[in-house]
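Some notes on the structure that comes next.
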Amino acid sequence: MTGQAGKKRMRVCESVSLGDKRFVAIVRVDAQNFLLGGSSANVSLLAKLNEADKFSTVLQQKADEVMLRS
């Protein structure tokens, strides 16, 4: 994926393997960061990250949402 003058618009900032072909990754597109989760079958948007957000805060919010759905 390229933009003006061949500048890359998307990059994987960091990725962590969770085993069994599962991962979480922070992907930067233009000036926005996204937290993605994936497996061998799919990829899901977990959160749009704001520069001011601490990762631990976002992770706790998502964990709370999952617990509420259970």
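Annotations for the structure displayed:
- Exactly one residue among LEU59, LEU68, LEU18, LEU35 is aliphatic (A, V, I, L, M) and in contact with a strand residue (DSSP E or B) (Cβ under 6 Å, 6 or more places away or on another chain), and that residue is LEU35.
- Taking the criterion of being modelled with pLDDT of 90 or more and charged (D, E, K, R), the residues of the stretch 1-38 that qualify are ARG9, ARG11, GLU14, ASP20, LYS21, ARG22, ARG28, ASP30.
- Criterion (assigned to a strand (DSSP E or B) and not aromatic (Phe, Trp, Tyr)) met by exactly one of LEU18, LEU68: LEU18
The values are calculated or read from the model by the stated rules, or taken from the named source; none is laboratory data. Note that this is a predicted model, so its numbers are computed, not measured. Heads up, the Cβs are rebuilt from the backbone with ideal geometry, glycines too, and the neighbour counts pull from every protein chain shown.
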